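The structure appears below as structure tokens.
The values are calculated or read from the model by the stated rules, or taken from the named source; none is laboratory data. Remember, it's a predicted structure, so these values are computed and weren't measured experimentally. Quick reminder, even Gly has a Cβ in these numbers, built from the backbone with ideal geometry, and neighbours come from all protein chains shown.
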Amino acid sequence: MAMRHGANFNPANRFGTQHAESDREHFEFADDAAEVFDRHPIEYIPDDSRSIVTENSSPDIPFRYSVNPYRGCIHGCAYCYARPYHEYLGLSAGLDFETKIFVKHRAPELLRQFLSRDAWVPEEIVFSGITDCYQPAEREFRLTRGCLEVAREARQPVGIVTKNALVARDLDILGEMAAGQLVHVAVSVTTLDAELARFMEPRTSTPAARLRTISELSAAGVPVRAIVAPVIPGLNDAEIPAILKEAKAAGALSAAYILLRLPLNVEPIFLEWLERTQPLKKERVLSRIRSTRGGDLSDSKFGSRMRGEGEIAKQIQQTFKVFAAKHGLDRKLPPLDASKFLRPLPRSGQMRLFD
């Protein structure tokens, strides 16, 4: 059976001058044609980055620093806004993003170096500012866990954003950090429909597993926020009340949502996915998306790109607000405590001459 993907093709890299397309006509009568075109094994590529912490200044993002041990994501979510980052690597935002995963093997060491700098004034660092730090690659490479071990040692406050139940593997570290007010976890619950999730987010945890993860984290004292992301008008927006109810029952303390974003080459990938998996809903979904984006399918403006504009966007916002309040999810998570930070020494034990 062929592996399921969110993207079904590789759109042209917007920075490239050449683009190859498969010519299926030459395989029209081949018995193994489907196997030839649908075989996309996962390739892990060493990433020799010399830094691991990224700083952003976007007014729409509620954190300044993030860590991403991997580039690309095996989850294969059709809507993933991070897909265009692969184009900077000379690859495609489509299948390449899901199957060519760059692995920062030195991530824990690089985080230790960053935290050991005299210039670092401790504040929250978020894991998964771009791709999911608990994607299937983490089961093999354990780089997120290695980074958490460094953060625990330094008493560095962190946030985690994931849609994978694998985060519960690290409850031994997360529970200890939570006791010191050093960690928050946000779990994305896009839908409660297991069949829709299987098509839309093909290689991540089922909705039931995500709710179970919220429960396990909460039971261990880890503050959890449920994120309904993305909200896709005409597809999963009607599920907001039910998702919030189930998240609360599982133990979430807070909730948030993000409207679907389709920047750059995410748009053709999502459109192809919609036609392939949701043909009867396609026109309705596209019409509603456009109604929230001023007639377009995407909006890059700060202030509106996460929430949208227009009546349908307002209805989504109001629905979320009402049911978040109903279930007591309209509050902030307990504050993180950076006052206990201990600057770590490099593994070499050598003192620093320069930052």
Just one listed residue, out of Asp330, Asp337, Asp299, is more than 18 Å from Asn236 (Cβ to Cβ), touching a residue at least 60 places away in the same chain (Cβ under 8 Å), of a type in the set (Asp, Glu) and touching a Ser or Thr at 6+ places or on another chain (Cβ under 9 Å), and it is Asp330
Out of Pro108, Pro62, Pro69, sole residue that is surrounded by fewer than 16 Cβ atoms within 10 Å (Cβ to Cβ) and either under 29 Å from Gly180 (Cα atoms) or small (Gly, Ala, Ser) (or both): Pro62
When the stretch 212-226 is checked residue by residue, the ones that are in a strand (DSSP E or B) and of a type outside the set (D, E, K, R) are Val224, Ala226
Would you point out the residue of the stretch 114-155, among those that are in contact with a Ser or Thr (Cβ under 9 Å, 6 or more places away or on another chain), in a loop (DSSP other than H, G, I, E, B) and among the small types (Gly, Ala, Ser), that is farthest from Gly175 (Cα to Cα)? Gly129
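Of these, Phe320, Phe341, which one is within 23 Å of the chain's Cα centre (by Cα), at pLDDT 95 or above and among the aromatic types (Phe, Trp, Tyr)?
Testing whether each residue is within 23 Å of the chain's Cα centre (by Cα), at pLDDT 95 or above and among the aromatic types (Phe, Trp, Tyr) leaves just Phe320.
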Kindly provide the set of residues from the stretch 249-266 that are in a helix (DSSP H, G or I) and over 18 Å from the mean Cα position of the chain (by Cα), ordered by number. Ala249, Ala250
The stretch 81-105 - residue that is in a loop (DSSP other than H, G, I, E, B) and either small (Gly, Ala, Ser) or at pLDDT below 95 (or both) and, of those, surrounded by the fewest Cβ atoms within 10 Å (Cβ to Cβ): Gly90
Filtered residues of the stretch 189-217 (kept if polar (S, T, N, Q) and surrounded by 18 or more Cβ atoms within 10 Å (Cβ to Cβ)): Thr190, Thr191, Thr204, Ser205, Thr213
When Gly251 is evaluated against the numbered criteria (1) more than 22 Å from Ala208 (Cα to Cα); (2) modelled with pLDDT of 95 or more, which criterion, by number, is the only one it fails? (1)
Would it be correct to say that Cys73 is closer than 21 Å to Arg145 by Cα and either part of a loop (DSSP other than H, G, I, E, B) or at pLDDT 95 or above (or both)? yes
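Results for (1) under 18 Å from Thr131 (Cα atoms); (2) of a type in the set (Phe, Trp, Tyr); (3) assigned to a loop (DSSP other than H, G, I, E, B), shown as yes or no for each residue.
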residue	(1), (2), (3)
Ala178	no, no, no
Val185	yes, no, no
Thr190	yes, no, yes
Glu195	no, no, no
Val228	yes, no, no
Ala242	no, no, no
Ala247	no, no, no
Phe270	yes, yes, no
Glu275	no, no, no
Just to be sure before I move on: is Glu267 charged (D, E, K, R) and touching a Phe, Trp or Tyr at 6+ places or on another chain (Cβ under 7 Å) in the structure I sent? no
Out of (1) within 24 Å of Arg225 (Cβ to Cβ); (2) touching a residue at least 60 places away in the same chain (Cβ under 8 Å), what's the single condition that is false for Ile258? (2)
If you go through Leu280, Leu264, the only one that is closer than 18 Å to Cys80 by Cα and either hydrophobic (A, V, I, L, M, F, W, C) or in contact with a helix residue (DSSP H, G or I) (Cβ under 8 Å, 6 or more places away or on another chain) (or both) is Leu264
Can you work out which of the residues in the stretch 278-314 that are in a loop (DSSP other than H, G, I, E, B) and of a type in the set (Ser, Thr, Tyr) is surrounded by the fewest Cβ atoms within 10 Å (Cβ to Cβ)? Ser300
Residue pairs meeting the criteria (Cβ under 6 Å; at least 6 apart or on separate chains; first over 10 Å from Ala7 (Cα atoms), in the stretch 266-280; second part of a helix (DSSP H, G or I)): Leu274/Lys282; Glu275/Lys282; Thr277/Phe199
Scan the stretch 197-210 for residues that are within 22 Å of Phe97 (Cα to Cα) and either touching a residue at least 24 places away in the same chain (Cβ under 8 Å) or part of a helix (DSSP H, G or I) (or both) and jot them down. Ala197, Arg198, Phe199, Met200, Glu201, Pro202, Arg203, Thr204, Ser205
